[in-house]
1. Fewest Cβ neighbours within 10 Å first, please rank I90, I163, I83 accordingly.
2. Q57 to R101: extension gain in nm, 0.36 nm per residue of separation minus the Cα-Cα distance?
3. Roughly how many nanometres apart are two label points built 7 Å out from the Cα toward the Cβ at K109 and K164?
4. Between E20 and R126, what FRET efficiency comes out of the Förster formula 1/(1 + (r/R0)^6) with R0 = 41 Å and r the beta carbon distance, rounded to 0.05?
5. Which of H144, V159, F62 sits farthest toward the positive end of the charge dipole of the chain, with +1 on the Cβ of Lys and Arg and -1 on the Cβ of Asp and Glu?
6. From the Cα gyration tensor of the chain, with a ≥ b ≥ c the square roots of its eigenvalues, which class applies: rounded if a/c is under 1.5, or else prolate if a/b is larger than b/c, or else oblate?
7. Before anything else, pin down the relative contact order of the chain: Cα pairs under 8 Å, at least 6 apart, normalised by residue count, whole percent.
8. Quick one: helix 79-90 against the long Cα principal axis of the chain, what's the angle to the nearest 10°, folded into 0 to 90?
Amino acid sequence: MSKVTNFKDLVRAKLAEADEVFNLSKDVDISSIDIDCTLKGKCAGRAGYKTESGSRQYYLRFNREAIELHWDEMVSKTISHEIAHIVAYIKPELRAKNHNRRWQLIDIKLGGDGSRTHSMGLTPARKMKTHMFNVDGMIVEMGHIRYTRMIKAEQTYFVKHPIKGRTMVMYSHYVGLK
Ligand SMILES: [Zn+2]
């Protein structure tokens, strides 16, 4: 079995435990909570809900890289951390919000340590595209936001060319993505 499959089983088991302690089933069908392990970037996990035709669809997202490389911390801390957020959403009467004291108590009850942040070194999400231009032999890089403004003719950009001096970057100079 893959690590992700094992991890999802542990999340389900912890949800069942949370249900026993906080009686979540009174308000939601916990089997309908969506569990996904494809999160990228610096966040170890995320909990939330979408509102669809008046009812809440809860979800739990976990970082794929963290599951692969930091299994112990993900299992011992992140699962309870994110489920504590779910408990807080389902049970507003507990008055747990964000990472306040009442949220910490829920996390601790679920076997966590009440910590707000993790210490796993995760790879930042991939940065936005960089576009390259060849302005009379001079390579110019441009971020995606500036590039889009230029393409839409909302903004013009100039560079200081070593021979030609101040030169406007034009789409005809475009050579592609970095
Ligand atoms: Zn949190």
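1. I163, I90, I83
2. Going from the current span to full extension adds 13.3 nm.
3. 6.8 nm
4. On the way: r = 40 Å, r/R0 = 0.98.
The formula returns an efficiency of 0.55 here.
5. V159
6. Here the chain falls in the prolate category.
7. Relative contact order comes out at 17 percent.
8. 80 degrees
No value in this document is a laboratory result; all are computed from the given coordinates. A quick note: this is a predicted structure, and the numbers were derived from the prediction, not measured. Neighbour counts are summed over all protein chains in view; Cβ atoms, including those assigned to glycine, are modelled from backbone coordinates with ideal geometry.
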